[in-house]
1. What is the Cα coordinate range of the range 49-135 on the first, second and third principal axes, sorted by size from largest, in whole angstrom?
2. How large is the convex hull of the Cα atoms of the range 1-102 per residue, expressed in Å³ as a whole number?
3. When all C-alpha to C-alpha distances in the range 1-57 are sorted into bins of 5 Å, what percent of pairs does each bin hold, rounded to whole numbers?
4. Can you divide the C-alpha Rg of the range 163-215 by 2.2 N^0.38 Å and report the result to two decimal places?
5. I'd like the carbon and sulfur percentage of the solvent accessible area for the chain, probe radius 1.4 Å, heavy atoms only, ligands and nucleic acids excluded.
6. Does the range 217-262 classify as rounded, prolate or oblate by the C-alpha gyration tensor (a ≥ b ≥ c root eigenvalues; a/c under 1.5 gives rounded; else a/b over b/c gives prolate, otherwise oblate)?
7. Provide Thr213, Thr195 ordered by accessible surface of protein heavy atoms (probe 1.4 Å), highest first.
8. Let me understand the range 42-88 better: what is its radius of gyration from the alpha carbons, and its Dmax, in angstrom?
Amino acid sequence: MHVPPKTGSIERWAWDYICTPELSHKLDPPAAPTVWEDAGITRRLEQPVRPESLRVADKASKAPRRGALKQPRRRAETIHTFLHHEMQAAELMCWALLAFPETPRAFRKGLLGICWEEIRHLQLYRDYLERAGFAFGDFPVRDWFWMRVPRCRNATEFVAVMGLGLEGGNLDHVVRYEEWFGSVDDHEAVAILETVRREEIGHVHFGAHWFRTFTGGLDFDTWRRALPAPLSPTLMHGARVNVADRRQAGLSQEFLEKLSRW
């Protein structure tokens, strides 16, 4: 049983973001405090708290094919999935902040900053849904990230999985969906996806920087070995690797060639 962090601390804000069930808190949390608890207490929360209004599915629904996005409901369902991905990412930045108190404060400040960017992304998706006549909770969700990321035993594994892995893979997936939404003239969705992709380049760069800091370098095999089993590079890239954005995030050409071949 974990003892909650001290009230008024950044750690308590992160704790509350994970543990508060109200969607209103997840979608629009209060400003974070400026005081760190710095008590050195490791808190590894196993799962987030979910409201009954959010239907968590045991199995993932099939991703839409390109042609399906001609249907407004399928476009809304896809954006709904992206929103939930962003919420999980925000929660897991808070999770890492609580799980690895021994890491440099600069690292934990970076986690908090990325958390706020993820929250801004999910707000963009929420606003899209509302304008389309839908709301968060209208479709089932799956806590896929939560089923995997808390396996990380240390901060090195966390940035390997979350920053270099899942967010790196998102650069591949988002650029594909930009094309797909553009093909049905949903320019609002394309603009949101472009914003998310540009900012997530920075998230991957953060992961690359801290992986180098924690391990002394960044090559493909070192990264691959840092992924906790049974995770592998297979899950960490799309059908086509977005080389341009990943290079901008600080990954080498050699790294990306090996990733593409995996």
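1. So the extents along the principal axes, rounded to whole Å, are 48, 26, 25.
2. Here the figure is 131 Å³ per residue.
3. P(r) over the range 1-57, rounded to whole percents: 4, 18, 26, 22, 17, 8, 4, 1.
4. 1.33
5. Numbers: 6230 of 12140 Å².
Carbon-and-sulfur percentage of accessible area, whole number: 51.
6. Values: a/c = 2.05, a/b = 1.31, b/c = 1.56.
Judged from the Cα gyration tensor, the range 217-262 comes out oblate (a/c at least 1.5, b/c at or above a/b).
7. If we order Thr213, Thr195 from most to least accessible, we get Thr213, Thr195.
8. Radius of gyration, then largest Cα-Cα span, for the range 42-88: 14.1, 47 Å.
The values are calculated or read from the model by the stated rules, or taken from the named source; none is laboratory data. Values in this document were obtained by computation on a predicted structure and should not be read as measured data. Reconstructed Cβ throughout: ideal geometry from the backbone, glycine too, with neighbour counts over all protein chains shown. For the accessible areas, the whole protein counts, side chains as well, though only heavy atoms, and no ligand, DNA or RNA atoms are used. Shrake-Rupley method; radii C 1.70, N 1.55, O 1.52, S 1.80 Å.
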